[in-house]
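Since the structure comes first, as structure tokens, the remarks are kept for the end.
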Amino acid sequence: MRPEAGQVLHFSEDPTIERFVPHVAATAQQPEAYVWAVGHDRAPDYWFPRQCPRAMAWMRPETTTDDRARIIGAGCGERVHAIEYAWLDAMRTTVLYAYRLPAARFQPFGGEPNPHAHVATEPVEPLGEPEPVGDLIECHAAAGIQLRVLGNLWPFWDEVITSTAGFSGIRLRNAQPRPA
């Protein structure tokens, strides 16, 4: 599930949203109220149950051969997402919806020249009905994204953040405690 030209996506487990109103998220690191959405490249970051902790890594031009082998794995594509076993059932059973929103109402946010999100400061109405994303594991497979299931995310995350790979961690506060 990716946005079409002129669109960004908002993913939700709630299929009843008729209007997105800017708000300050509980975990926000900025005081501004926004409507959040993602573009084509970052849509896979949200093919998960909302509260599922995930560690993600991908190849960048500056990623070294050693880091590619260590983080992504030889011959394993360009991207890897990792979750914990405790979330596997939720990955299999959660019904996730994508809302298509008009990209013209949004501005890029963070990570220039490749922003990790898009934000709007005014209310936004979806372009149509929300669309079921489908099988979240199959979404990863169809996109050629490796999905790793780990007992604990922290050892992988600690390797990722010290590598030359691109990375993102979402809802890591919901991960199992760090191993002793």
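Structure notes:
- With a Förster radius of 41 Å applied to the C-beta separation of L127 and A180, the computed FRET efficiency comes to 0.25.
- The stretch 1-55 and the stretch 60-87 have Cα centres spaced 24 Å apart.
- D158 versus V24: modelled label distance in nm, points set 7 Å from Cα along the beta carbon direction: 3.5 nm
- Working note: 222 nm ellipticity from helices only, DSSP H runs with n ≥ 4, each -39,500 (n - 2.57), summed and divided by the residues of the chain, gives -2500 deg cm²/dmol to the nearest 500.
- Taking 0.36 nm per residue of separation and subtracting the Cα-Cα distance, full extension of the segment from R2 to R50 would add 15.6 nm.
- Radius of gyration and maximum dimension Dmax of the stretch 70-130, Cα, Å: 16.8, 45
- Extension gain, E78 to H40: 0.36 nm times the residue separation minus the Cα-Cα distance gives 12.1 nm.
- Taking the chain and dividing mean pair separation by its residue count, relative contact order in percent (alpha carbons under 8 Å, at least six apart): 34 percent
- Rounded to the nearest 20 debye, dipole of the chain from Cβ charges on Lys, Arg, Asp, Glu: 340 debye
- Extending 7 Å from the Cα toward the beta-carbon at both D135 and A90 defines two label points whose distance is 2.1 nm.
- Most to least packed among 80-88, 46-54 [average Cβ atoms within 10 Å]: 46-54, 80-88
- Between E13 and R60, residue separation times 0.36 nm minus the direct Cα-Cα distance comes to 13.8 nm.
- Spread over its residues, the convex hull of the C-alpha atoms of the stretch 7-174 is 120 Å³ per residue.
Rule-based calculations on the coordinates, nothing more; no lab input. It should be emphasised that the depicted structure is a prediction, and the values quoted were computed from it without experimental measurement. Cβ sites come from the backbone with ideal geometry, for glycine too, and all protein chains shown count toward neighbours.
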